[in-house]
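Heads up: the structure comes next, in structure tokens.
The values are calculated or read from the model by the stated rules, or taken from the named source; none is laboratory data. From a predicted model like this one, the values you see are computed outputs, not experimental measurements. Cβ atoms come from the backbone with ideal geometry, glycine included; neighbour counts cover every protein chain shown.
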Amino acid sequence: MRIDILTLFPSMFEGVFQESIIKRAIQEKKVEINIINFREYSTLNNHQVDDTPYGGGAGMVLRCEPLVSAIESVKKENTKVYLMTPQGVPYKQELANSLAKESHIVLVCGHYEGFDERIKNFCDGEISIGDYVLTGGEIPAMAITDSIVRLLPGVIKQESYESDSFQGDLLDYPTYTKPYEFRGYKVPEVLVSGNHQKIREWREQARIENTKEKRRDLLDFKEVE
Ligand SMILES: C[S@@+](CC[C@H](N)C(=O)[O-])C[C@H]1O[C@@H](n2cnc3c(N)ncnc32)[C@H](O)[C@@H]1O
């Protein structure tokens, strides 16, 4: 899979994809990640990428021209292009699963007041990582890239993510490691019983309890007590 990220601040990505699982996925060629500075696609003097808003108002708006040129320079037949914007569809694990099946995606990072609205005609969708406003689309692009790469075949074991929170309707089950007792708090007895059937049942029930306690909204459409 290939992920191209269009940004005005490429150095923000230094380091982020150079650690741990994502670094290994890049080294093993499970994913190719390209960081592209769309300022280089501006044809204006001093490579200006923004301008004042029509109708007046605060801040600067990103112009279509450098963004569309950058998009067109990387776009192929099966490429999907997504704008990072707080007005987009809320990003969920379901969308991460579906993006992980694409062969090439482009994530476009905004800044300042955001994009000239006409940029949408050149994109396949708009994605928000939550109902709050950040200074730019770089952190959303990092979060989305990270969530996709860990789902790519061979990056982590399938069993490591299939019970993850949000893969289905439930949160993950609680996990414990050594020591058995820490400051008086013990590991649930069943987990040291060696009875794998009982452990599976306990974990399934624990996922339901965990979800009811922390994220009841995920179960709202089901009949739960
Ligand atoms: C200051 S924001 C612009 C917000 C815009 N004026 C609005 O209210 O919709 C600048 C850029 O940050 C990015 N951004 C901010 N919050 C975001 C979020 N929650 N999800 C995705 N992108 C976000 C977008 O790329 C956006 O163009």
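Tabulated results
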item	result
In region 86-101, residue farthest from the ligand (Cβ to nearest atom) [restricted to those that are closer than 18 Å to ILE3 by Cα and crowded, with 16+ Cβ neighbours inside 10 Å]	ALA100
Hits in region 89-119 - residues which are among the polar types (S, T, N, Q) and in a loop (DSSP other than H, G, I, E, B)	SER103
Failed item, numbered, when LYS120 is tested on (1) surrounded by fewer than 16 Cβ atoms within 10 Å (Cβ to Cβ); (2) more than 30 Å from LEU170 (Cα to Cα); (3) touching a Ser or Thr at 6+ places or on another chain (Cβ under 7 Å)	(3)
Top-ranked residue in region 102-148 [being of a type in the set (Gly, Ala, Ser) and in contact (Cβ under 8 Å) with a residue 60 or more places away in the chain; ranked as nearest to the ligand (Cβ to nearest atom)]	GLY137
Residues within region 165-175 that are modelled with pLDDT under 95 and surrounded by fewer than 15 Cβ atoms within 10 Å (Cβ to Cβ), tallied	2
Boolean, SER69 is among the small types (Gly, Ala, Ser), away from the ligand (no atom under 13 Å from the Cβ) and touching a residue at least 24 places away in the same chain (Cβ under 8 Å)	yes
Yes/no for PRO66 being part of a helix (DSSP H, G or I), over 27 Å from SER98 (Cα atoms) and in the same structural domain as ASP116 (by TED's automatic domain parsing)	yes
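Per-residue answers, yes or no, for (1) under 30 Å from ILE33 (Cα atoms); (2) buried (at least 17 other Cβ atoms within 10 Å of the Cβ); (3) not assigned by TED's automatic domain parsing to the domain that holds ALA70:
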| position | (1), (2), (3) |
| --- | --- |
| GLU113 | yes, no, no |
| GLY130 | yes, no, no |
| LEU134 | yes, no, no |
| PRO140 | yes, yes, no |
| VAL187 | no, no, yes |
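Residues are listed down the side, and each one gets a yes or a no for (1) of a type in the set (Gly, Ala, Ser); (2) closer than 30 Å to GLN48 by Cβ; (3) in a loop (DSSP other than H, G, I, E, B):
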{"position": "GLN87", "(1), (2), (3)": "no, yes, no"}
{"position": "ASN121", "(1), (2), (3)": "no, yes, no"}
{"position": "TYR132", "(1), (2), (3)": "no, yes, yes"}
{"position": "GLY136", "(1), (2), (3)": "yes, yes, yes"}
{"position": "LEU151", "(1), (2), (3)": "no, no, yes"}
{"position": "GLY154", "(1), (2), (3)": "yes, no, yes"}
{"position": "TYR173", "(1), (2), (3)": "no, no, yes"}
